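The values are calculated or read from the model by the stated rules, or taken from the named source; none is laboratory data. Values in this document were obtained by computation on a predicted structure and should not be read as measured data. Backbone-built Cβ (ideal geometry, glycine too); neighbour counts: all protein chains shown.
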Amino acid sequence: MTDFKNSTPYNEEFTHTPVMKDEVLEYLNIRAGATIVDCTLGGGGHALEILKILGNTGRLIGIEQDIQAMERAKERLKGYDNVTFVHDNFRNLDNIIEETVSTGKADGFLFDLGVSSFQLDDKSRGFSFMEDAPLDMRMDTRAETTGADIVNRMTESELNAIFLESGYGRWARKLAKAIVLARKKSQITTTAQFTAIITDTIKERGGKIHPATKAFQAVRIAVNEEISVLHEALITAVNRSNYEARIVVLSYHSLEDGETKKTFRHLSGYPTPTSNKYEILARIEPEKLVEILTKKPLLPTEEEINRNVRSRSAKLRAVKKM
């Protein structure tokens, strides 16, 4: 394998700029002395702003599966002693709350989904098509499955399915077929190889989005099982919330936003959609556990997008525990 350099240590180059900071703080509605759980600590950008409001009597539980991100967050938050750092995946949120919060309930949860700026900028992680690197894409480097495993092991129909979900439309099947043909000649192990297959297959150009963007997102989501994990974690967050606690989700992909919307709607009393209308009529409506605070997702302002271009696809949804 190509000898790619190790990731760069923490420095200002990789400082995380929190997306929709003011909106996140507004919807979290933080009170001094509260317990807030940042389920995706990242570089600690949102966490720092939360800690400023919590005061000495409050507590922040910072969960992060990427150990490199956690080290950067620890450096950024080193002036605060009321932070509990947890190196774990938020799929284990129930156990984490049980072990770190004496009451077993928190006053707010934040999920800032997707990949952080410094993860994209660190070419050794394989999240970006801008630099050649191992096709890794693991948020947690302890996990076994990499991006290379996904593109080399998935069947053509499985690849087609994840590309369809990511919005490739008629190009999804062509891209899946091209990957299968390419890997028969040689295993796809680097971002450059994967990008070349995508750009050689998808001939449509135009717009601001590179043709490889959606494919990289699709593989990353598959590697980290992001959608199924999100559904479970949102339900746990509601069950582990105090009365009037807030749950705020920032998503950057239609699949993440769609799962958030669907889960929040169900937890607010809407039946889960089904193709059988009689099943809907026969089913008892779910308990109304939350109030939806954002009927439509909030979007970043033009000013913020100009300041931080990676915020352009962000959508914020929030609920309140009833």
- Within segment 194-251, residues of a type in the set (Asp, Glu), assigned to a helix (DSSP H, G or I) and under 29 Å from Asp22 (Cα atoms) come out as Glu226, Glu232
- Pull up segment 285-322, narrow it to residues that are more than 14 Å from Thr263 (Cα to Cα) and of a type in the set (Ser, Thr, Tyr), then point me to the one that is surrounded by the fewest Cβ atoms within 10 Å (Cβ to Cβ). Thr301
- Any idea which of Gly62, Gly104 is outside any helix (DSSP H, G or I) and buried (at least 23 other Cβ atoms within 10 Å of the Cβ)? Gly62
- Query: If you scan segment 158-191, which residues turn out to be outside any helix (DSSP H, G or I) and free of Cβ contacts under 8 Å to residues at least 24 places away in the same chain?
  - Reply: Gly169, Arg170, Ser186
- Query: Going by the conditions given, is Ile150 of a type in the set (Val, Ile, Thr), closer than 30 Å to Ser268 by Cα and touching a helix residue (DSSP H, G or I) at 6+ places or on another chain (Cβ under 9 Å)?
  - Reply: no
- Item | Candidate set from segment 265-284 (those that are touching a Pro at 6+ places or on another chain (Cβ under 8 Å) and surrounded by 15 or more Cβ atoms within 10 Å (Cβ to Cβ)); member that is modelled with the lowest pLDDT | Gly269
- Query: Which of the residues that make up segment 132-153 are part of a loop (DSSP other than H, G, I, E, B) and more than 22 Å from the chain's Cα centre (by Cα)?
  - Reply: Asp132
- Message: From the list Ile36, Ile96, Ile50, exactly one residue is assigned to a helix (DSSP H, G or I), more than 23 Å from Asn224 (Cβ to Cβ) and not charged (D, E, K, R). Which is it?
- Response: Ile50
- Can you name the residue in segment 154-172 that is crowded, with 17+ Cβ neighbours inside 10 Å and over 21 Å from the mean Cα position of the chain (by Cα) and is also farthest from Ile227 (Cα to Cα) among such residues? Trp171
- Message: What are the pairs with Cβ atoms under 8 angstrom where one residue, in segment 68-80, is farther than 19 Å from Asn56 by Cβ and the other, located anywhere, is among the aliphatic types (A, V, I, L, M) and not in a helix (DSSP H, G or I)? Sequence gap at least six, or different chains.
- Response: Ala69/Leu41; Met70/Leu41; Ala73/Leu41
- Select, from Asp112, Asp132, Asp200, the only residue that is assigned by TED's automatic domain parsing to the domain that holds Leu25 and either loosely packed, with under 15 Cβ neighbours inside 10 Å or in contact with a strand residue (DSSP E or B) (Cβ under 9 Å, 6 or more places away or on another chain) (or both). Asp112
- Task: Test Ser241 against the criterion of being buried (at least 24 other Cβ atoms within 10 Å of the Cβ) and among the hydroxyl-bearing types (Ser, Thr, Tyr), and give yes or no.
- Result: yes
